[in-house]
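Just below is one structure, and these are the notes that go with it.
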Amino acid sequence: MGLGSKAIIVGAGIGGLAAAAALSKHFTAVEIIDRDSLPDQIAPRLGVGQGAHTHQLLKAGELALERLLPGITQDFIAAGAISMRVGKDVKVYDFGGWMEECDAGFSVTSLSRPAYEGVLRRRVSALPNVTLRSETAVRRFTVTDGNCTGVELEDGSHLTADIVVDSTGLSAPMLKQLVEDGHAEFQTEEIRINVAYTTARFRKPDAWRNEQLGFFVLPTSPHTEFGLLLPIENDQWILSLGRRGGDAPPRDAEGFKAYAGGLVAPDVYARIKDAEIVGELRTFRKPTATRHLIWEATKWPEALIPIGDAMSSVNPTYGQGMTVATCEADALETLLASRKTVDGIVADYLPVAGEISSRAWSLSINSDYAYPQTEGERPSNFAMNRAVAATLRKMADAHADFRILRYKLVHMIESAKALQEGEMGIRFFTALQGSMAS
Ligand SMILES: Cc1cc2nc3c(=O)[nH]c(=O)nc-3n(C[C@H](O)[C@H](O)[C@H](O)COP(=O)(O)OP(=O)(O)OC[C@H]3O[C@@H](n4cnc5c(N)ncnc54)[C@H](O)[C@@H]3O)c2cc1C
């Protein structure tokens, strides 16, 4: 097929699977390699410890996956996903109050992370030129004369490829090795966000069985506690409770429920207080938001494509990680589709991926820095960014068009430029000036 005979993808998480869908259109054979065992069924796995926690797929991520694998949203629904109308079905508390209800004009799905990944894995494995190799750890990328030519496995054997993808997730072990081997040089930015999650799943009591409401409770600083409740497959809710700058919320059922009762959201507590917990409570700590500025690298091999958390991983509370990974895979596919050769793909891809991940980074870091628990020097534009965020929130309270725009920004289907353009841009600028003068 078109651009080469073989592509290798290291990591079969969300980013790796989306990248496989992209590359399968342009390479004769695509092999995905993961060190973890990959279940045939929908089940949690050790390689993605975060998988037990609430995972929201933003609209931009859903649309990217649809372009790569048409019909996947229907597959999610068939696997039990709840379809939720944004603005109506997901209640949002932030900036000290609940968002007014509206119809943002689009819906999203809600599933557990193992189910999203399981459906995606099933679709990608069914592609005729894709193979999945599990329980195989990769040790390093092999690089010759500045060109990535394949991978070396932990058993010392080598595999060659025309293009290689690094989708090894948050710990990015291959990147460290690449730098140690002298094949890459780039800056890394790390911000101590100090976030901890505890999560439980609940069987929905009969009285709530047909309800499809979710709640994102994100009280602003100085409050450090938050909660994310979503309806998922099998008539269950998943509830992640979080805290910044301290211990994780309790892992015992009683303590967990009491913690939920302390949130500014009696509606969340009312749902879970008598509900039966399914399985074990799980905890996850995320001390830092980390990004490797590979798009500004002074040295980076040809034919090596970084994707998802391996390049940039933000505070999960804003639900962007899977969407960034899938949008990067979609952008890669668009770039490949316009080429006759794979030469130069890295130079074209990195700035685009950098832009996608930087959008998520700016949105989340701007909120993180509002908390004293987030360590690090605030950037010079921090006060202005906060004023923009607070003004948008106020405009969203007062005007339905700004409410809808805010949801579109959060779901990454609209860019912040919309706040500077046309009649809405003028109204926004006037309000911003007013808020800064007062
Ligand atoms: C608590 C928490 C909650 C989150 N909530 C959300 C949310 O609501 N919405 C959202 O979009 N995102 C959320 N995220 C982020 C999301 O989980 C990640 O952004 C996403 O999983 C990134 O996908 P990935 O493919 O880059 O990495 P992963 O999905 O982590 O996959 C990496 C894969 O690489 C494999 N691997 C690693 N090293 C090797 C090696 N040497 N050889 C072979 N295989 C290897 C691993 O086994 C793993 O399968 C959350 C994260 C956390 C921590």
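Might you let me know whether segment 422-434 holds any residue that is touching a residue at least 12 places away in the same chain (Cβ under 8 Å), assigned to a helix (DSSP H, G or I) and among the aromatic types (Phe, Trp, Tyr)? Break it down stepwise before answering.
Of all residues in segment 422-434, those touching a residue at least 12 places away in the same chain (Cβ under 8 Å) come to 424, 427-428, 431-432.
Filter once more, keeping what is assigned to a helix (DSSP H, G or I): 424, 427-428, 431-432.
Cutting the leftovers down to among the aromatic types (Phe, Trp, Tyr) gives us 428.
Within segment 422-434, one or more residues are touching a residue at least 12 places away in the same chain (Cβ under 8 Å), assigned to a helix (DSSP H, G or I) and among the aromatic types (Phe, Trp, Tyr).
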- prompt: Quick check: is even one residue across segment 194-201 at pLDDT below 95, farther than 30 Å from residue 390 by Cα and outside any helix (DSSP H, G or I)?
  reply: no
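Within 11 Å of the ligand (Cβ to nearest atom) and under 30 Å from residue 7 (Cβ atoms): which single residue out of 345, 307, 356 fits that description?
Exactly one of 345, 307, 356 is within 11 Å of the ligand (Cβ to nearest atom) and under 30 Å from residue 7 (Cβ atoms), namely 307.
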statement: Filtering segment 371-405 for residues that are open to solvent by less than 30 Å² (accessible area, probe 1.4 Å) and not hydroxyl-bearing (Ser, Thr, Tyr) leaves a count of 9
query: Residues in segment 103-158 that are part of a loop (DSSP other than H, G, I, E, B) and either open to solvent by less than 60 Å² (accessible area, probe 1.4 Å) or β-branched (Val, Ile, Thr) (or both): how many?
result: 13
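What are the residues in segment 279-297 that are open to solvent by 50 Å² or more (accessible area, probe 1.4 Å) and within 24 Å of residue 161 (Cα to Cα), if any? Steps first, answer last, please.
First pass over segment 279-297, keeping only residues open to solvent by 50 Å² or more (accessible area, probe 1.4 Å): 279-280, 282, 284-285, 287, 295-296.
Hit for segment 279-297 is 295, nothing else.
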message: Quick check on segment 73-83. Is at least one of its residues in contact with a Ser or Thr (Cβ under 9 Å, 6 or more places away or on another chain), within 16 Å of residue 14 (Cα to Cα), within 14 Å of the ligand (Cβ to nearest atom) and open to solvent by less than 40 Å² (accessible area, probe 1.4 Å)?
response: yes
task: Check off (1) assigned to a strand (DSSP E or B); (2) more than 25 Å from residue 86 (Cβ to Cβ); (3) among the small types (Gly, Ala, Ser) for residue 227 and give me the number that stays unchecked.
output: (2)
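What about residue 364, is it closer than 30 Å to residue 10 by Cα and open to solvent by less than 60 Å² (accessible area, probe 1.4 Å)?
Working: closer than 30 Å to residue 10 by Cα: yes; open to solvent by less than 60 Å² (accessible area, probe 1.4 Å): yes.
Yes, satisfied.
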task: Provide a single number: the residues in segment 310-339 that are within 9 Å of the ligand (Cβ to nearest atom), touching a His at 6+ places or on another chain (Cβ under 9 Å) and part of a helix (DSSP H, G or I).
output: 5
query: When only residues in segment 46-72 that are more than 7 Å from the ligand (Cβ to nearest atom) and in a loop (DSSP other than H, G, I, E, B) count, which is surrounded by the most Cβ atoms within 10 Å (Cβ to Cβ)?
result: 69
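The values are calculated or read from the model by the stated rules, or taken from the named source; none is laboratory data. This is a predicted model, so every value here is computed, not measured. Positions of Cβ are backbone-derived with ideal geometry, glycine not excepted, and every protein chain shown enters the neighbour counts. Areas reflect the complete protein model, heavy atoms only, side chains present, ligands, DNA and RNA absent. Shrake-Rupley method; radii C 1.70, N 1.55, O 1.52, S 1.80 Å.
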